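The values are calculated or read from the model by the stated rules, or taken from the named source; none is laboratory data. Only a predicted model underlies this, so the values are computations on that prediction, with no experimental measurement involved. All Cβ positions, glycine included, derive from the backbone under ideal geometry; neighbour counts span all protein chains shown. Surface accessibility is based on the protein's heavy atoms, side chains included, excluding ligands, DNA and RNA. Shrake-Rupley method; radii C 1.70, N 1.55, O 1.52, S 1.80 Å.
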Amino acid sequence: MRYQLVLQFRGDSLADYDQMVSLEDRLIEDLGRSAKVDGHDCGSGETNIFIFTTDPAATFWQVRQTLQQEGRLESVTAAHRPVDGERYTVIWPEGSTQEFRIV
């Protein structure tokens, strides 16, 4: 898999953590073998889910429906980078020009 896709949410409380683990489990199920959910981290006011994929846009499109059903689509920022790269490209919200970083 050539890219790392990151789904980033604001918040790092225990309730946020429990919701994130539940969402992560659902994403693993939804993605099957098309991409690999590679874990998560919480802290510094953010929660991240990491996904390895060959096509970040297609993978995000695939998980977008799940995020919407879970009421999380409006609170997520999605960005990707080549596995061996450092600079992220934001793909959600659409048209975003914000700089993406993991704290």
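Go through (1) of a type in the set (S, T, N, Q); (2) surrounded by fewer than 16 Cβ atoms within 10 Å (Cβ to Cβ); (3) free of Cβ contacts under 8 Å to residues at least 40 places away in the same chain one by one and return the number of the condition residue 44 breaks.
(3)
Being over 17 Å from residue 75 (Cα atoms) and of a type outside the set (Phe, Trp, Tyr) is the filter here; which residues of the stretch 1-13 pass it?
1, 2, 4
Quick check, is residue 47 touching a strand residue (DSSP E or B) at 6+ places or on another chain (Cβ under 7 Å) and at pLDDT below 95?
Spelling it out, residue 47 is indeed touching a strand residue (DSSP E or B) at 6+ places or on another chain (Cβ under 7 Å) and at pLDDT below 95.
Can you name the residue in the stretch 1-17 that is open to solvent by 70 Å² or more (accessible area, probe 1.4 Å) and of a type in the set (D, E, K, R) and, of all such residues, is farthest from residue 89 (Cα to Cα)?
My answer is 12.
When you look at residue 103, is it open to solvent by 30 Å² or more (accessible area, probe 1.4 Å) and not hydroxyl-bearing (Ser, Thr, Tyr), yes or no?
So residue 103 fits the description; yes.
Are any residues in the stretch 59-74 closer than 20 Å to residue 42 by Cα, open to solvent by 30 Å² or more (accessible area, probe 1.4 Å) and either acidic (Asp, Glu) or without any contact (Cβ under 8 Å) to a residue 40 or more places away in the chain (or both), and if so, which ones?
70, 71, 74
Among the numbered conditions (1) more than 13 Å from residue 67 (Cα to Cα); (2) touching a residue at least 40 places away in the same chain (Cβ under 8 Å); (3) buried (at least 16 other Cβ atoms within 10 Å of the Cβ); (4) not basic (Lys, Arg), tell me where residue 49 comes up short.
(1)
If you take the residues in the stretch 18-34 that are in contact (Cβ under 8 Å) with a residue 12 or more places away in the chain and more than 18 Å from residue 77 (Cβ to Cβ), which one is least open to solvent (accessible area, probe 1.4 Å)?
31
Return yes when residue 77 is within 20 Å of residue 93 (Cβ to Cβ), buried (at least 18 other Cβ atoms within 10 Å of the Cβ) and polar (S, T, N, Q) and no when it is not.
yes
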